[in-house]
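The values are calculated or read from the model by the stated rules, or taken from the named source; none is laboratory data. From a predicted model like this one, the values you see are computed outputs, not experimental measurements. Here the Cβ positions follow ideal geometry from the backbone for every residue, glycine too, while neighbour counts run over all protein chains shown. Side chains are part of the model used for accessible areas, which takes the heavy atoms of the whole protein and leaves out ligands, DNA and RNA. Shrake-Rupley method; radii C 1.70, N 1.55, O 1.52, S 1.80 Å.
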Amino acid sequence: MASVLEDPALQRHFRGHKDATSGSVDKSLMIWNLAPKSRAYRFVGHSDVITALQFSPLENLVASSSKDRTVRLWTPSMKGESTVFKAHSAPVRSVSFSHDALRLVTSSDDRSVKVWSVPRRCYLFSLNQHNNWVRCARFSPDGRLVASCGDDRSVRLWDTNSKLCINVFSCTGPVLSVDFNSSGTCLASSGSDNIVRIWDLRTNRLLQHYQVHSAEVHSFSFHPSDNFLISASSDSTVKILDLLEGRLIYTLHGHKGAVFSVAFSRTGETFASGGADAQVLLWKTNFDRVCYKEMLQDHMRRSTPDPAPHLSDIHPRSPHQHSQGLTTYRGEFKQPTGEFKQPTGVIHSRKSSKLTVFIAFSLKILKPEKTHGDTGRT
């Protein structure tokens, strides 16, 4: 019998990043308008490699972190105005908004996690117990907790009110990424030991353990339903996990080289991946159409239920171009609420001959206007 799942499919691939090396200034942030005959806009401010960025949930700001030890809060307009946040004493590895868009949390090689006020544009407090580089930090959906991870092989859970570490989860290698599911009941991590772990925060116990990649796992994303998780790895693949059945269901082949970034859209109807080949691939989810409640009820009415979903390797049917010698960092795939439309922007940064690709889509189209300061059009 056929699988209850419909296979994911590659919708689009974006190759404009390969041309970013000409006419661009080092350490700059590029906004690419993907509408026909559109131009790319360059935002200059950071003095070193940009390591991460994220759109505000309100869509009115973009936050970026850099090896220059600063965080910048950009207004995504043609003027390219930004506010600089300074408090870290080493490269900043990640930046993320709280779900109410009022705070930022950052992690750094200075072994600290810092929280900032967005409305007041100021530093609030630090969380200090990691004894090595802190790779990633994220707010819980309700903003009461912060999760952080790093090269000390630990995932730490912090209370933002008391500013105390309330729990520590140990891993077998440096941890590169951490995040909460949409309900805030589970916490997941991935790292250099090739493993994706999911903990139940209600019991503080390891809930699931997936060793499906053959190299370090750089990034992952929960589906909005919390039923699926996608992961990106240096083994050049994107894996799709069914969290209800506790198994790998798809392996996606599309990138040539390591995959550093992956994320679902806000609705879960699509997801994107970005890799060392300087490409962003946009995929149609499809497999999330199954209704598990109806499926389980149907199984209960049968003496022999349908077989489990098949394990599939998906290769893109359409050709897509690759390029060599490129480096990619973690990013975000963003889509505002409402019906999904054609994405209109891709943000990335670059340094020298190496390209850093961030996945960050918005339905807002930037319209040309007079530029000021260090912002220009390419």
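Remarks
- Scanning the range 160-172 for residues that are farther than 15 Å from Ser112 by Cα, in a strand (DSSP E or B) and open to solvent by 30 Å² or more (accessible area, probe 1.4 Å) yields Ile166, Asn167, Val168, Ser170.
- You will find that of Ala90, Ala52, the residue that is outside any loop (DSSP other than H, G, I, E, B), of a type in the set (A, V, I, L, M) and either open to solvent by less than 50 Å² (accessible area, probe 1.4 Å) or in contact with a helix residue (DSSP H, G or I) (Cβ under 9 Å, 6 or more places away or on another chain) (or both) is Ala52 and no other.
- Qualifying positions in the range 88-120 - in contact with a Phe, Trp or Tyr (Cβ under 6 Å, 6 or more places away or on another chain) and free of Cβ contacts under 8 Å to residues at least 40 places away in the same chain: Asp109
- Pairs where the first residue, in the range 70-87, is over 17 Å from Pro119 (Cα atoms) and the second is charged (D, E, K, R) and open to solvent by 30 Å² or more (accessible area, probe 1.4 Å), C-beta under 6 Å, 6+ apart: Thr70/Lys86; Met78/Glu369
- Only one entry in Ser183, Ser192 is surrounded by fewer than 21 Cβ atoms within 10 Å (Cβ to Cβ) and free of Cβ contacts under 8 Å to residues at least 40 places away in the same chain, namely Ser192.
- Given (1) more than 19 Å from Leu10 (Cα to Cα); (2) at pLDDT below 95; (3) open to solvent by less than 10 Å² (accessible area, probe 1.4 Å), number of the condition Val175 does not satisfy: (2)
- For the residues Gly268, Gly338, the requirement of being modelled with pLDDT of 80 or more and outside any strand (DSSP E or B) singles out Gly268.
- Only one of Asn286, Asn204, Asn227 that is among the polar types (S, T, N, Q), surrounded by fewer than 20 Cβ atoms within 10 Å (Cβ to Cβ), at pLDDT 90 or above and farther than 27 Å from Arg93 by Cα: Asn227
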